1. With surrounded by 15 or more Cβ atoms within 10 Å (Cβ to Cβ), in contact with a Ser or Thr (Cβ under 9 Å, 6 or more places away or on another chain) and over 16 Å from LEU39 (Cβ atoms) as the only criterion, which of LEU77, LEU63 stands out?
2. Name, by its number, the condition in (1) outside any helix (DSSP H, G or I); (2) touching a residue at least 12 places away in the same chain (Cβ under 8 Å) that does not hold for LYS120.
3. Pick from TYR56, TYR68, TYR47: which is under 13 Å from the mean Cα position of the chain (by Cα), surrounded by 13 or more Cβ atoms within 10 Å (Cβ to Cβ) and within 21 Å of LYS110 (Cβ to Cβ)?
4. Residues to consider are ASN33, ASN105; find the one that is closer than 29 Å to GLU130 by Cβ and either polar (S, T, N, Q) or touching a Phe, Trp or Tyr at 6+ places or on another chain (Cβ under 8 Å) (or both).
5. Given the conditions (1) open to solvent by less than 70 Å² (accessible area, probe 1.4 Å); (2) under 23 Å from ILE121 (Cβ atoms); (3) free of Cβ contacts under 8 Å to residues at least 60 places away in the same chain, which single one is not true for ASN82?
6. Which residues, counting only those in region 1-56, are assigned to a helix (DSSP H, G or I) and under 20 Å from TYR115 (Cα atoms)?
7. Do you know which residues across region 1-26 are over 15 Å from ILE106 (Cβ atoms) and either among the polar types (S, T, N, Q) or touching a residue at least 12 places away in the same chain (Cβ under 8 Å) (or both)?
8. Being open to solvent by less than 20 Å² (accessible area, probe 1.4 Å) and more than 16 Å from the chain's Cα centre (by Cα) is true for just one of SER90, SER30. Which residue is that?
Amino acid sequence: NKIEEDFLSKTTELFNGHEWPEGAYVGFLSIFNFNPRFLDQKIFQIYYKHPEGSVYAGAHEMLHFMFYDYIEKHPHLIKNLNDPELWDLSEIFNIVILETPEFVNITGNKNPQPYKEHVKIIPKFRNIWEQSKSVDHFIQRFSD
């Protein structure tokens, strides 16, 4: 609750004023060490001992809801990405965005940890973000 307003407004701003999809978002703490999200139900789980903290994990999952809604409303941005590629894009996007100063101030996590399969390509997408600071450009460059 302490960071909710700031996180929601920064995310809307990040996505060019795109409004959050309607609905009640619910996060559950879990004893299982994985963090699934269910986009249609606006439900997600966070491991109660998440190594990056529950605030960061919640922000990470919430960012997925906005990302996927934005993609759904702007399908021209992703060209012909298949589901696994779209998942890669969403995870890389989250790391790059959540390590920006605006979001580090919200989550308190200065060093978000990517999936190991993304470590080598994240620097390329950090540079893409730094050059444009545009969600549309970032997504299109991934799709190229």
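The values are calculated or read from the model by the stated rules, or taken from the named source; none is laboratory data. Please read all numbers here as calculations on a predicted model, not as lab measurements. We place every Cβ from the backbone using ideal geometry, glycine too, and count neighbours over all the protein chains shown. Protein only, heavy atoms only, side chains kept; ligands, DNA and RNA dropped before computing areas. Shrake-Rupley method; radii C 1.70, N 1.55, O 1.52, S 1.80 Å.
1. Working: LEU63 fails: over 16 Å from LEU39 (Cβ atoms).
Going through LEU77, LEU63 in turn, the sole match is LEU77.
2. (2)
3. Only one candidate qualifies: TYR56.
4. ASN105
5. Result: ASN82 passes all but (1).
6. Across region 1-56, the qualifying residues are SER54, VAL55, TYR56.
7. Answer for region 1-26, where residues must be over 15 Å from ILE106 (Cβ atoms) and either among the polar types (S, T, N, Q) or touching a residue at least 12 places away in the same chain (Cβ under 8 Å) (or both): PHE15, ASN16, HIS18, TRP20, PRO21, GLY23, ALA24, TYR25, VAL26.
8. Just a single option satisfies the conditions, and that option is SER30.
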